[in-house]
Number of protein chains: 2
Amino acid sequence: MTEAQGRSPRDRYRAQVRAEIKQHAWEQIATQGVPALSLNAIAKQLGMSGPALYRYFANRDELITALIRDAYRSFADAVRAAHEAGADLAGLAHAIRDWARADPQRYFLIYGTPVPGYHAPEDITAIADEVMVVLLEASEAPMAGKPATPFDAEFANRRTRADGSPVPGAVLRHAMSFWTRLHGVLSLELAGHFTGMEFDPDRLLDAELHELGTS
Amino acid sequence: MTEAQGRSPRDRYRAQVRAEIKQHAWEQIATQGVPALSLNAIAKQLGMSGPALYRYFANRDELITALIRDAYRSFADAVRAAHEAGADLAGLAHAIRDWARADPQRYFLIYGTPVPGYHAPEDITAIADEVMVVLLEASEAPMAGKPATPFDAEFANRRTRADGSPVPGAVLRHAMSFWTRLHGVLSLELAGHFTGMEFDPDRLLDAELHELGTS
DNA sequence: TAAGGAAGGTGATAGCTTCTAACCGGATCG
DNA sequence: CGATCCGGTTAGAAGCTATCACCTTCCTTA
């Protein structure tokens, strides 16, 4: 959201208005979900009349794509910050969980129901890859010296590190298990599928990650 | 979708039209997603003009709720069928996976992005509970005789069986782990978050369930 | 400094949507 | 047979996305 570093005053104004549009869009999404997002309503909230908003975003899809990009960026920043603070996988899980709980609809904008036919632009998938790199790095330590299991074969030689060396199958599998377990607990919790069951979702997540650590 | 057992011819006709409406709705959802579902378009496909459709569904939400109900019903039937055929948790996982792959948007109608403020009616949560009962029953066998872990404490005395006896913490935890792991892999796969990575998602699911079996 | 162009804002409008209202014809039921 | 209900119609209100033509204001450039 900090893109107000334009050179000319006009650029700064433009960036400012774009940021305000997105701000109001986030509020609508958080309270009513993406389908209810109305460009018209946002324009009125900003005190300008309908079509003015199209000077800043070509159409509804472009605004939503920008929001998705910001969501990914915020997500990747949260993951990276935890990683650089020395967090292990458990620490990363907590950071991601807190980030998701702060704004569930933002999490679902990334990991929720996909729109058939929609393909994220290149720069967004690049941000997603940043997260994967961190996950893989954080998965190196717990897998160090562990013997490869038969399941790891499928994951061997699927990906290379920054220096070109192959990521061991056990490491990639561990990272994917971490990711899918975290997402499994988190998304069902945020979607309310645990309501009525009395247990604390955090304890389920603890159990899932604990078992992952010992594998 | 088999609700055409009405008594009078009029009831049968009504049920028939309702079914046709839902049929076309499913096709729209499968190809374009829920937000693009248009009552107007459905009516025209059925050869009738717009407002006629409101004789069958009070509004858009009621149609979608009916679709959600049918999705849950179909899901529960698939799970129950596998269970009654003697499937263990692995078998249930395969049944659910196949059911989800047959129509990803139908899966996401149940487990995808939640609509803020929407609360499913009682009869739908009852269907969801049917599935939970099956999952718990299928989780009894693998947990029989296993010592309780510290993590199981949170899940003890949270739920009772049909006969009123309490579900052991280890069993509930096992069922929840099964559910969240399956959903974690499945939803990320169906949403396309594994595209570009070369591994087979089925192998990841195998690994996740195998590790669950040995816990 | 004056001129010109780009950028931002406006109202009007097309075309879509959901949904309500009023009305009409036919089937059903007492 | 008559009353009623049911399913369909057209008309229309209100909202949405998006485009168009036009106007003003600011910035740049000669």
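The values are calculated or read from the model by the stated rules, or taken from the named source; none is laboratory data. Note that the structure is predicted; figures quoted are calculated from it, not measured. Here Cβ is always computed from backbone atoms with ideal geometry, including for glycine, and neighbour counts include all displayed protein chains. Accessible surface areas use protein heavy atoms only, side chains included; no ligands, DNA or RNA. Shrake-Rupley method; radii C 1.70, N 1.55, O 1.52, S 1.80 Å.
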### Query
For region B:78-203, what Kirkwood radius comes out of the mean inverse Cα-Cα distance, in Å?
16.1 Å
### Query
Can you give the mean number of other chain Cβ atoms that lie within 10 Å of the Cβ atoms in peptide B:112-123?
5
### Query
With every protein chain kept in the model, how would you rank B:83, A:94 by accessible area, 1.4 Å probe, largest at the top?
A:94, B:83
### Summary
Using a 1.4 Å probe on heavy atoms of the protein chains only, the accessible area for residue B:99 in Å², nearest 10, reads 20 Å²
### Query
In Å², what does the accessible area per residue of region A:61-213 work out to with a 1.4 Å probe?
41 Å²
### Task
Determine the relative contact order of chain A: mean sequence separation of Cα pairs under 8 Å and six or more apart, normalised by residue count, in whole percent.
14 percent
### Charge dipole of chain B about the Cα centre (unit charges at C-beta), most positive-ward option of B:204, B:180, B:150
B:180
### Query
How big is the B-A contact in terms of buried accessible area, both chains counted, 1.4 Å probe, rounded to the nearest 100 Å²?
4000 Å²
### Query
How far is helix B:60-84 tilted, in degrees, relative to the longest principal axis of the Cα atoms in chain B, given as a value from 0 to 90 rounded to the nearest 10?
40 degrees
### Ranking by accessible area, most exposed first, for B:92, B:109 with a 1.4 Å probe
B:109, B:92
### Query
Just the accessible area for residue A:115, please: 1.4 Å probe, Å², rounded to the nearest 10?
90 Å²
### Query
Leaving out ligands, DNA and RNA, what percent of the accessible area of the protein assembly as shown is carbon and sulfur, probe 1.4 Å?
53 percent
#### Entry: region A:8-72, relative contact order in percent, only Cα pairs under 8 angstrom and at least six apart counted
28 percent
### Query
With every protein chain kept in the model, how would you rank B:60, B:10 by accessible area, 1.4 Å probe, largest at the top?
B:10, B:60
### Rh (Kirkwood; distinct C-alpha pairs) - the protein assembly as shown, Å
23.8 Å
### Message
On C-alpha positions alone, give me the angle between the axis of helix A:122-143 and the longest principal axis of chain A, in degrees, nearest 10.
### Response
30 degrees
### Message
Checking the cross-link filter: which lysines have an alpha carbon closer than 19 Å to that of residue B:22, excluding same-chain neighbours under 8 positions apart?
### Response
B:44
### Task
Please work out which residue of chain B brings its Cβ closest to the axis of the rotation superposing B onto A, and round that distance to whole Å.
B:184, 1
### Task
Could you please state, rounded to a whole Å, how far the C-alpha centre of region B:50-106 is from the C-alpha centre of region A:68-143?
30 Å
### Dipole magnitude (debye, nearest 20) for region A:61-213, charges at Cβ of Lys, Arg, Asp, Glu
280 debye
### Task
Let me know the mean shielding of B:148-160 by other chains, meaning the per-residue number of their Cβ atoms within 10 Å of its Cβ.
3
### Query
When ranked by the protection proxy of mean other Cβ atoms within 10 Å per residue, highest first, what sequence do the peptides A:161-173, B:155-167 form?
A:161-173, B:155-167
### Message
As a test question: what accessible area, to the nearest 10 Å², does residue B:64 have when a 1.4 Å probe is rolled over all protein chains in place?
### Response
20 Å²
### Query
So what's the angle, to the nearest 10 degrees on a 0 to 90 scale, between helix A:89-102 and the longest Cα principal axis of chain A?
30 degrees
